[in-house]
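> Before I ask anything, let me first share the structure, which is written out below as structure tokens.
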Amino acid sequence: MVLNYIWIAFFVVAFIVALIRLVFFGDFDVFPAMMDSTFASSKTAFEISLGLTGVLSLWLGIMKIGERGGLVNALARLLSPVFVRLFPDIPKGHPVTGSIFMNISANMLGLDNAATPLGLKAMEQLQELNTKKDTASNPMIMFLVLNTSGLTLIPISIMVYRAQMGASQPTDIFIPILLATFFSTLAGIIVTSLYQRINLINRTLLLTLGGACVVVAGIIWGFSQLDSLMMNRVSTTVANILLMTIIIGFIIAGMRKKVNVYDSFIEGAKEGFQTAVRIIPYLVAILVAIGVFRASGAMDMLISGIQRAVEVSGIDSEWVGALPTALMKPLSGSGARGMMVDAMTTYGADSFIGRLSCVFQGSTDTTFYILAVYFGSVGIRYTRHAVACGLLADLAGIISAIGICYFFFA
């Protein structure tokens, strides 16, 4: 229901802003721009879905091999002590636990193409456990928030963009992104747990979160010993080795169980094609709304208003120049990427705003896109507290990013 109101608001606000620009400022281009954006966004939504078809087919085929080979179940049993507390409504040892872990792992390694099909597979398995098929369950919402908080260990694409934009040290945002996204994820878990009355004060979760902090610290220390070229090379190589290891491991597990690996892959791949087709209308809906909002000039007005308010309050407003990336990220990944590149082009890749835009880009994920795709793939209409928890995690990531960048770069 919340997503319904937000979707309506995008169009209504955009129309009012465009009408004001036409009547009071004589801007005759605004309505044609808005209509052009509807066609362009619809085309983009279809192209995204079409582009996902092959990747979805590949990874859902691999997942089907893993299921029949027993690896997904083995992973679920290994993670049960943690997930039974974080997802108390999921039966202990259920295969969805393994799917959730693999999706989160792919996100952490920056492997978006692998993370999306794995996430859709996990959402389908969660829907099987859901008693109200049109309403998001508690495990669905927790899983969605873990995705929208955007926990990333290796932000490869952002470092590549910085290198292309002439940054003297493209990897200098690595540690700030790691810290910001960690705080975003932690906030998302806490907020969702409060909504769902999940007790986080227990030995297993405290040890897990503490262990995660130690691992993050170790990764930070290890990469800090490398120069920028070697850091990019090592992070890219490790990510791809892990990805290929998963594929080979699943195939070998299937062979050991005497599974017909090829037939299993084809069966899973068919599900990938069906899922890609099913999400098209949801993508069209959300991307068209965002496109109209941007084309009307409402986004620019929002940024200008925030900057004036910050300046009036006497707070340093330098960070506001990077805010378009932060505000766009929950709405559109490609839009936020464009804002990030624009900030580096306008202010310089090594400027405070340029670096902060990169940290904004890496600290959270595309909340509304993930909502539309993941919930849309299983026919969820009522999202309950998913939007609120996802946006609060985004807010935590934004605030953390600002504070961390002032600490590192101001």
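The values are calculated or read from the model by the stated rules, or taken from the named source; none is laboratory data. Keep in mind it's a predicted model, so treat the numbers as computed, not measured. Please note: Cβ atoms are built from the backbone with ideal geometry, for glycine as well, and neighbour counts cover all protein chains shown. Areas reflect the complete protein model, heavy atoms only, side chains present, ligands, DNA and RNA absent. Shrake-Rupley method; radii C 1.70, N 1.55, O 1.52, S 1.80 Å.
> Mind telling me which of Val373, Val215, Val17 comes out most flexible in a GNM of the chain, alpha-carbon contacts under 10 Å?
Between Val373, Val215, Val17, it is Val215 that shows the largest mean-square fluctuation.
> Based on the Kirkwood radius over alpha-carbon pairs, what is the Stokes-Einstein translational diffusion coefficient of the stretch 275-332 at 25 °C with 0.890 mPa s viscosity, in µm²/s?
186 µm²/s
> How tilted is helix 96-108 with respect to the longest principal axis of the chain? Cα atoms for both, answer in degrees (0 to 90, nearest 10).
50 degrees
> Could you tell me the calculated FRET efficiency between Ile201 and Ala33, based on Cβ-Cβ distance and R0 = 51 angstrom, to the nearest 0.05?
With R0 = 51 Å, the Cβ-Cβ based efficiency is 0.45.
> So what's the Cα pair-distance distribution over the stretch 1-91, bin width 10 Å, in %?
Final binned percentages: 13, 20, 21, 19, 15, 10, 2.
> Using only the Cα atoms of the stretch 243-361, construct the convex hull and provide its projected area averaged over every direction, in square nanometres to one decimal.
Details: hull surface 44.9 nm².
Across all orientations, the stretch 243-361 yields a mean hull projection of 11.2 nm².
> Quick one: divide the alpha-carbon radius of gyration of the stretch 120-263 by 2.2 N^0.38 Å and tell me what you get. If you can, show how the numbers build up before the last one.
Numbers: Rg = 19.2 Å, N = 144, 2.2 N^0.38 = 14.5 Å.
Dividing the Cα Rg of the stretch 120-263 by 2.2 N^0.38 Å gives 1.32.
> Inverting the mean 1/r over all pairs of different Cα atoms, compute the Kirkwood radius of the chain and quote it in Å.
Its Kirkwood hydrodynamic radius stands at 22.2 Å.
> Treat the stretch 1-156 as a sphere of radius equal to its Kirkwood radius over Cα pairs and apply Stokes-Einstein at 10 °C in a medium of 1.306 mPa s; give the translational diffusion coefficient in µm²/s, rounded to a whole number.
Translational diffusion coefficient: 86 µm²/s.
> On the principal axes of its Cα set, how long, how wide and how thick is the stretch 1-54? Give whole Å, largest value first.
48, 29, 8
> Same structure, new question: Express the accessible area of the stretch 118-266 per residue in Å², computed with a 1.4 Å probe while the remaining protein chains stay in the model.
On the way: 7330 Å² over 149 residues.
The answer is 49 Å² per residue.
> Moving on. Roughly to the nearest percent, how much of the accessible area of the chain is carbon and sulfur, given a 1.4 Å probe?
The computed percentage sits at 67.
> Could you tell me the distance between the Cα centroids of the stretch 56-90 and the stretch 342-404, to the nearest Å?
27 Å
> What span do the alpha-carbon atoms of the stretch 293-410 cover on each of the three principal axes, reported in whole Å from largest to smallest?
Here the Cα extents, ordered largest to smallest, are 45, 27, 24 Å.
> Could you check which residue among Asp227, Asp134, Asp365 shows the biggest mean-square fluctuation in a GNM of the chain with a 10 Å Cα cutoff?
Asp227
> Round to the nearest 10 and give me the degree value, 0 to 90, for the angle of helix 352-363's Cα axis relative to the longest principal axis of the chain.
Approximately 30 degrees, to the nearest ten.
> Taking only protein heavy atoms and a 1.4 Å probe, what accessible area per residue, in Å², does the stretch 268-410 have with all protein chains in place?
Result: 37 Å² per residue.
> Angle between the Cα long axis of helix 112-129 and the longest principal axis of the chain, 0 to 90 degrees, nearest 10?
Tilt relative to the chain: about 70 degrees.
> Once you've got the GNM for the chain with C-alpha springs shorter than 10 Å, pick whichever of Arg68, Arg308, Arg21 has the biggest mean-square fluctuation.
Arg308
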